[in-house]
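We did not get these values from a lab; they are worked out from the coordinates using the rules stated. Owing to the predicted nature of the structure, the values given are computational and were not obtained by experimental measurement. Here the Cβ positions follow ideal geometry from the backbone for every residue, glycine too, while neighbour counts run over all protein chains shown.
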Amino acid sequence: MATYRRPPTMAKAAQFDDAFVGEKPSMAPSMAHLNLTEELRGSTLSLNKRSMVLDEDRFEEQFLRCNICKDRFRNDSLPRMLPCHHSFCQKCIDHLYRLASEQRQSYSSSIRPLASSAVSINCPTCRSNFVATDETIRRLPTDHRVVQLMDFVHHTDRYTVTFCSKHSLQPLNFFCEPCIKPVCRDCTVLDHKEADGHLVMDLEEALAKYTPVLDNAITELDAESICMEEKRIALESVTKTIDKVKVDLLGQVKACMTRMRELIDEREKALEAKVYQEVEKERAKLTEKSEMLESRREVLNQQANKLKTAKDDSNVEEMFRIHQEVREYRAGPPIRIREVDDGLMTSFLLNTRDEAMLASRIGSFGDVTTKVETTSSRMKTSVKPFVYRSSSFR
């Protein structure tokens, strides 16, 4: 990863207060100053026409941070330049002066400098020595070279460049449509040649073309996730209805068996067992469907979050990889829940038939059967299933 910086069309220097007071120190340019000035002069004409790739951390460490405390220069902590043209923050320069003053106080009076407040300070970078007083320390000039660099960085657009994993230091500037994959310049020559049927376009053009597709995919994922949650809630309501049906059905069984208690004690137990068995079997089916919906919803949420993160990070390769996974995952038929989509549910009833006729056949009296009926009108979640059209990405 590296930082891609696009210089602004008109980079206007920030108007920092000049800290020069009184007589300025010698401004004879150092070699570093001359080299930097020459580089800036040589690139002035091309700033509006070129972009640059640089290591932002290294650039900041070398030019925009105090070499002593490593804090970054700011508008309220501007770089101050020593006579040797090396710059540090005012706090660190004051600290150097204070240490030199304390060391001077430790000397015997016979070897102290004649000037009562003058001390000798060594530059931490080049070890150049200069004599300073409290007055000269306060009058150190602002290093406007660094100020200009601070302003340049502040007014410069930047974004992350992803390099090709196959070809070292080659940025992913192109996109192969058939392969649905960002590629570098070397890839277009070696592995994704148009002569072999690969259709390569500029990466920015591909982003402009497919960003709406990705946004639509995220919208569909979010919408389907909401649909799954609504179905799960509706299914919970159906499950509660099944519990009520079970209670009512057991009441019917009890009422019938009470009239024939002496003859049908054995059969009553069998029927109760059948009720529990059938209802629990149906409950298990509903629970399984609910778990299936929840599982699919979690997967959809994870995919949507990954796709959002990759899109926010401008990680193009990850975006299209996740998008491919989404297409493959959703290629199958949509989940249909009969109790919700079709409004049909499995219920139970007690078939008593002719009690008088069956009194002599009590051993086989009664049965628990199932029936399908329309779900409650309160559950109107007849949402059409989402069909993910993978061809839209072509």
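When the dipole is taken about the Cα centre of the stretch 178-315, and only Lys, Arg (+1) and Asp, Glu (-1) are charged at their Cβ, what size is it in debye, to the nearest 20?
That gives a dipole near 840 debye.
So what's the Cα pair-distance distribution over the stretch 162-272, bin width 5 Å, in %?
Calculated over all Cα pairs of the stretch 162-272, the distribution is 2, 10, 11, 10, 7, 6, 6, 5, 5, 5, 4, 4, 4, 5, 6, 5, 4, 2, 0 percent.
Please compute the modelled spin-label separation between Thr287 and Thr133, points set 7 Å along Cα→Cβ, answer in nm with one decimal.
Simple spin-label model gives 9.1 nm for this pair.
Within the set of other residues whose C-beta is less than 12 Å from the C-beta of Glu325, count the net charge using Lys and Arg as +1 and Asp and Glu as -1.
So the surrounding residues net to +2.
When the chain is fully extended, how far beyond the present Cα-Cα distance does Ser237 get from Glu373, taking 0.36 nm per residue of separation?
Extending this stretch completely gives an extra 47.5 nm.
Around His192, under 15 Å between beta carbons, what's the net of Lys plus Arg minus Asp minus Glu among the other residues?
Neighbour charge sum, excluding His192 itself: -3.
Let me see the P(r) profile for the stretch 211-393: every Cα-Cα distance counted, bins of 5 Å, each bin given as a percent of all pairs.
Calculated P(r), rounded to whole percents: 1, 7, 14, 14, 11, 10, 9, 8, 7, 5, 4, 4, 3, 2, 1, 0, 0.
Mind giving me the nanometre distance, one decimal, between the label points for Asn216 and Ser314, set 7 Å out from Cα along Cα→Cβ?
Placing both labels 7 Å beyond Cα along the Cβ direction yields 2.5 nm.
Provide Rg over Rh for the stretch 245-302; use the alpha carbon set for both Rg and the Kirkwood Rh (inverse mean inverse pair distance).
1.32
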